[in-house]
Structure formats: structure tokens, C-alpha cells
Amino acid sequence: MKKLASILLGAWLILRGLITLAVFSFQGSQTVLAVVAVVAGAFLIFADWSEKFSTHIADFVLGIWLILAGIVPLFNIHFRGSHAVLEVVGLLAGVLIIIRRH
């Protein structure tokens, strides 16, 4: 499941980059991006579920960020500070990924 999560994360990053930089979009492209983000996030969270939580906390936080990044546009969820929450979770995921021990 971890490999599939990585493939979905890679596909999401490529699609997001193409849509933003190359102005490559199609009808429903934002919905596809949101769904791929949510699925990739869920797979990242549950991929290492049997291991000790501290060994995959970076993947867990990244999964939370992906799910939030998908749910916010998919369901048009906005509240005061919603973008700040998303950015802080993303920042935390990035820091945890960088300092992760293998």
C-alpha cells in the first residue's frame, strides 16, 4: 500500500504542476486533483498502520495535509484561518520529512 501511496502522491504532484504551470486543465481537473489527494493521503496514513506510530509520523502528517488539501476545494470548505491551518500542517509535514530517521 505504501508503494501505491507514493505513486498517487507522484501523480498528484505532476498533475498539479501541469495544471498550474502549463495551464493544462480539463473539465473536472480540480475534482480529479482533490480526489487523488484524498486517496493518496488515506493510503499514506494507513500504509504503515501496523508499525509503531513514531516511525511513520511524517507520512501521517503528510497524509493529513493531502486529505485536507483535497477536501477543502472538493467540498468548498472555508473558515477563518483555513488556509493558515493547511499551510501549518504542510510546513510540519515538510519539517518531519526532512528530519525523519531511516
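The values are calculated or read from the model by the stated rules, or taken from the named source; none is laboratory data. Here the structure is a predicted model, which is why all the values come from computation and not from measurement. Note that we place each Cβ from the backbone using ideal geometry, even for glycine, and neighbour counts take in every protein chain shown.
Summary table below
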quantity	calculated
Candidates 92, 86, 74, 66, filtered to the one that is surrounded by 17 or more Cβ atoms within 10 Å (Cβ to Cβ) and modelled with pLDDT of 90 or more	66
Criterion: modelled with pLDDT of 90 or more and either more than 24 Å from residue 17 (Cβ to Cβ) or touching a Lys or Arg at 6+ places or on another chain (Cβ under 9 Å) (or both) - qualifying residue of 53, 60, 46	60
Search result, residues across region 31-63 that are surrounded by 14 or more Cβ atoms within 10 Å (Cβ to Cβ) and either among the small types (Gly, Ala, Ser) or in contact (Cβ under 8 Å) with a residue 60 or more places away in the chain (or both)	34, 37, 40, 41, 42, 47, 58, 63
Which listed residue is over 16 Å from residue 97 (Cα atoms), at pLDDT 90 or above, touching a Pro at 6+ places or on another chain (Cβ under 7 Å) and of a type in the set (Gly, Ala, Ser), from 34, 11	34
Tabulated pairs, region 78-89, first free of Cβ contacts under 8 Å to residues at least 24 places away in the same chain, second of a type in the set (A, V, I, L, M, F, W, C) and surrounded by fewer than 12 Cβ atoms within 10 Å (Cβ to Cβ), C-beta under 9 angstrom, 6+ apart or interchain	85/79
Residue within region 57-80 that is over 14 Å from the mean Cα position of the chain (by Cα), within 16 Å of residue 6 (Cβ to Cβ) and not hydroxyl-bearing (Ser, Thr, Tyr) present	no
Residues (out of contact with any Phe, Trp or Tyr (no Cβ under 7 Å at 6 or more places or on another chain) and among the hydrophobic types (A, V, I, L, M, F, W, C)) located in region 13-33	13, 14, 15, 19, 21, 22, 23, 24, 26, 32
Boolean, residue 28 is within 24 Å of residue 99 (Cβ to Cβ), surrounded by fewer than 16 Cβ atoms within 10 Å (Cβ to Cβ) and out of contact with any Ser or Thr (no Cβ under 9 Å at 6 or more places or on another chain)	no
